[in-house]
Amino acid sequence: MTPHERETMTFRSQLEADVPPEEKSREQLRRERDQWRELFTQLIEQFPEPTFAVDDERRLVHFNDAAEEA
């Protein structure tokens, strides 16, 4: 396991440990997920340098205009 994979697993486990799932409705979880996705997308788009993100399967999932032009 790479250091990045360990870091990702640690971060995920911290998020999951914060609030028991039975205390949140599915709709609330969806709203929070969508909010975080939108914030992440805005962050990527604001960088002046070419910036991109890949998922766990190494697929390109986000990129900004500078990356498209590069």
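Checking each residue in segment 26-50 for being of a type in the set (Asp, Glu) and either at pLDDT below 85 or touching a Ser or Thr at 6+ places or on another chain (Cβ under 7 Å) (or both) picks out no residue at all. When the test is whether a residue is in contact with a strand residue (DSSP E or B) (Cβ under 7 Å, 6 or more places away or on another chain), among the small types (Gly, Ala, Ser), modelled with pLDDT of 85 or more and surrounded by 12 or more Cβ atoms within 10 Å (Cβ to Cβ), Ala53 passes it.
Selection of first residues in segment 53-66 that are in contact (Cβ under 8 Å) with a residue 24 or more places away in the chain and closer than 14 Å to Phe40 by Cα and of second residues that are surrounded by 11 or more Cβ atoms within 10 Å (Cβ to Cβ) and not β-branched (Val, Ile, Thr), restricted to Cβ pairs under 9 Å at least 6 apart or on distinct chains, gives an empty result. With the requirement that a residue be open to solvent by less than 100 Å² (accessible area, probe 1.4 Å) and in a strand (DSSP E or B), what does segment 56-70 give you? Answer for segment 56-70, where residues must be open to solvent by less than 100 Å² (accessible area, probe 1.4 Å) and in a strand (DSSP E or B): Val61, His62. Across segment 10-25, not a single residue is classified as part of a helix (DSSP H, G or I) and modelled with pLDDT of 85 or more. When the residues of segment 32-44 are filtered to those that are in contact (Cβ under 8 Å) with a residue 12 or more places away in the chain and over 15 Å from Ala70 (Cβ atoms), the one that is most open to solvent (accessible area, probe 1.4 Å) is Phe40.
The values are calculated or read from the model by the stated rules, or taken from the named source; none is laboratory data. This is a predicted model, so every value here is computed, not measured. Note that we place each Cβ from the backbone using ideal geometry, even for glycine, and neighbour counts take in every protein chain shown. Ligands, DNA and RNA are stripped out before the accessible areas are found, and what is left, the full protein with its side chains, is counted by its heavy atoms. Shrake-Rupley method; radii C 1.70, N 1.55, O 1.52, S 1.80 Å.
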